[in-house]
């Protein structure tokens, strides 16, 4: 059980490092949005960086943020939940329900979605796909690669969460307490 938790800790720390590193895309997104708004308001344009490219950069930055934070948000229990049905359950029942959800919904969904995301990215990469807009950004395959990465990070997060629930439910009490996630700030 200790080795299972050590594996989960490594997965969690890796996803956290990725999220902490890619948080800088938020600054890029803010700067791009502000520059786009100001340039449109005052008619100022940097040659080669028109409004179409700026708007595409905005959603690229946002896409990077979203895709690199998916796995981390799941392991931190910061995703949307319907606690109306589970809030009154004790920790063991919540863990069982989470484990069932991982095996019945999350893993089968990822099993189907990952090959499609891979093909989506690889097709774009082999074609060196760019924007469909004539004055848009090139290298559209990069953002599609982040989408593929987002599914991979969620797969690792689901494995980590499922293994932690197994340890909580079936491990010795002193290890089981460590298996549950610490509450996020604001929860």
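Just so it is clear, none of the values below were taken in a lab; they were calculated from the coordinates. From a predicted model like this one, the values you see are computed outputs, not experimental measurements. Here the Cβ is made from the backbone with ideal geometry for all residues, glycine too, and neighbour counts use every protein chain on show.
Checking residue 79 against (1) in contact with a helix residue (DSSP H, G or I) (Cβ under 8 Å, 6 or more places away or on another chain); (2) in a helix (DSSP H, G or I), which test does it fail? Going through (1) in contact with a helix residue (DSSP H, G or I) (Cβ under 8 Å, 6 or more places away or on another chain); (2) in a helix (DSSP H, G or I) one by one, residue 79 breaks only (2).
Filtering the range 117-130 to residues that are in contact with a helix residue (DSSP H, G or I) (Cβ under 9 Å, 6 or more places away or on another chain), surrounded by fewer than 12 Cβ atoms within 10 Å (Cβ to Cβ) and not in a loop (DSSP other than H, G, I, E, B) leaves only 126. Can you spot a residue in the range 56-63 that is touching a residue at least 24 places away in the same chain (Cβ under 8 Å), part of a helix (DSSP H, G or I) and touching a strand residue (DSSP E or B) at 6+ places or on another chain (Cβ under 9 Å)? Yes: one or more hits. The residue of the range 34-49 that is farthest from residue 131 (Cα to Cα), among those that are touching a helix residue (DSSP H, G or I) at 6+ places or on another chain (Cβ under 9 Å) and not in a helix (DSSP H, G or I), is 44.
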